[in-house]
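Engineer: Here you go, one structure.
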Amino acid sequence: MVADSNLQVDQTDVGEEPGGDDRARPLGLILTVVIALAATVGIGAFFWSQTYQSPSGTQVAQSAGTAVVNGVTMPHVTLSFQSYPDANGSVNGVAIHPAGNPSWPAFGMTNVFQVPTHALVTVTVSQYDSGGALNNPWFARVRGTVDGVATVDGKVVTAVDPNNVGHTFTVRGTPGTDPGFFLNVPLPSVGGENQTDVGQHHTVVFSFVSGSAGTYAWNCEFPCGTMVAAFGGPMGAYGYMSGFMHVV
Ligand SMILES: [Cu+2]
């Protein structure tokens, strides 16, 4: 009992000693929290503003009526995009990557697409870039398209030469979205001296049936970047060799 009483007296003394102003401490605490919040929001806003946004926004697939696939009638839509040897904006005077690295290869004019659910999507890609050998020839085969085929300059193919690939258009569901969906279309390379944004190119056309609603990610599986076995640089920076497909 005696010891307890002494302890209580001591605690009271300690509490009152520093400055004697009880309101100063809560005020300081509030200020600290406010400054910390402001800093967190500010840093977050800064990084958000640095996120790549395609200057041409989301490409919404255009309606092309209906189609019948394996006896099922479904909406038919089309998408059209390009793969370029650089991102410097020499196409239609619009930079694919404003403030980005102009010398990196890039898909354009956007890297975000929107298609309806369970629809036939016909895609036309104009491939202007040079390339080389895939590190895994598995990606040289057309996978996940209707009948497992694509056309390259009008010729029906099930695969391309794995040693002459410019880029691939490879799509998967993000976690939680349609884990059974997978699409891979290799895009043959253009001869090195012929690669320009407006010059010789291959036209690759393919159709696939879109999956259930959700966000899908696409990327290129030809190591066309720098460092880390050519998987760095444009392969790692969002928007050059990667993007999203929204199925709605
Ligand atoms: Cu690539």
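Engineer: Does SER212 fit the bill of being in a loop (DSSP other than H, G, I, E, B), more than 16 Å from the ligand (Cβ to nearest atom) and at pLDDT 95 or above? I'd like the intermediate steps shown before the answer.
Structural biologist: Working: in a loop (DSSP other than H, G, I, E, B): yes; more than 16 Å from the ligand (Cβ to nearest atom): yes; at pLDDT 95 or above: yes.
Here the answer is yes, as SER212 does meet what is asked.
Engineer: How do the strands (runs of 3 or more DSSP E) wholly within the range 99-202 filter down when requiring 2 or more residues that are within 14 Å of the ligand (Cβ to nearest atom) and free of Cβ contacts under 8 Å to residues at least 60 places away in the same chain: which remain?
Structural biologist: The qualifying strands (runs of 3 or more DSSP E) are 165-173, 182-188.
Engineer: Now a separate question. Would it be correct to say that VAL171 is within 27 Å of VAL60 (Cα to Cα), β-branched (Val, Ile, Thr) and modelled with pLDDT of 95 or more?
Structural biologist: Against the criterion (within 27 Å of VAL60 (Cα to Cα), β-branched (Val, Ile, Thr) and modelled with pLDDT of 95 or more), VAL171 qualifies.
Engineer: Do you know which residues across the range 119-148 are under 25 Å from GLY214 (Cα atoms) and surrounded by 15 or more Cβ atoms within 10 Å (Cβ to Cβ)?
Structural biologist: Just the residues of the range 119-148 that are under 25 Å from GLY214 (Cα atoms), to begin with: 119-125, 139, 142-148.
Answer for the range 119-148, where residues must be under 25 Å from GLY214 (Cα atoms) and surrounded by 15 or more Cβ atoms within 10 Å (Cβ to Cβ): ALA119, LEU120, VAL121, THR122, VAL123, VAL125, PHE139, VAL142, ARG143, GLY144, THR145, VAL146.
Engineer: Could I ask something else about it? With the condition kept exactly as written, say whether any residue in the range 68-82 is within 16 Å of the ligand (Cβ to nearest atom), closer than 17 Å to GLY239 by Cα, not acidic (Asp, Glu) and not in a loop (DSSP other than H, G, I, E, B).
Structural biologist: Yes, the range 68-82 has at least one match.
Engineer: Of the conditions (1) more than 17 Å from VAL165 (Cα to Cα); (2) in contact with a helix residue (DSSP H, G or I) (Cβ under 6 Å, 6 or more places away or on another chain), HIS76 satisfies every one except a single condition; which number is it?
Structural biologist: (2) is the only condition that HIS76 fails.
Engineer: Being surrounded by 16 or more Cβ atoms within 10 Å (Cβ to Cβ), more than 12 Å from the ligand (Cβ to nearest atom) and more than 19 Å from SER56 (Cβ to Cβ) is the filter here, so list the residues in the range 216-248 that pass it.
Structural biologist: TYR216, VAL247
Engineer: Can you pull out every residue in the range 166-176 that is out of contact with any Ser or Thr (no Cβ under 6 Å at 6 or more places or on another chain) and surrounded by 17 or more Cβ atoms within 10 Å (Cβ to Cβ)? So that I can check it myself, show each step before the final result.
Structural biologist: We begin by selecting, within the range 166-176, every residue out of contact with any Ser or Thr (no Cβ under 6 Å at 6 or more places or on another chain); these are 168-173, 175-176.
THR168, PHE169, THR170, VAL171, ARG172, GLY173 - these are the residues of the range 166-176 that are out of contact with any Ser or Thr (no Cβ under 6 Å at 6 or more places or on another chain) and surrounded by 17 or more Cβ atoms within 10 Å (Cβ to Cβ).
Engineer: Here is a further query. For the range 171-204, name all the residues that are in contact with a helix residue (DSSP H, G or I) (Cβ under 7 Å, 6 or more places away or on another chain) and farther than 18 Å from SER126 by Cβ.
Structural biologist: ASN184 - this is the single residue of the range 171-204 that is in contact with a helix residue (DSSP H, G or I) (Cβ under 7 Å, 6 or more places away or on another chain) and farther than 18 Å from SER126 by Cβ.
The values are calculated or read from the model by the stated rules, or taken from the named source; none is laboratory data. Quick caveat: nothing in here was measured; it's all calculated off a predicted structure. No Cβ is skipped: glycine too gets one built from the backbone with ideal geometry, and neighbour counts run over all protein chains shown.
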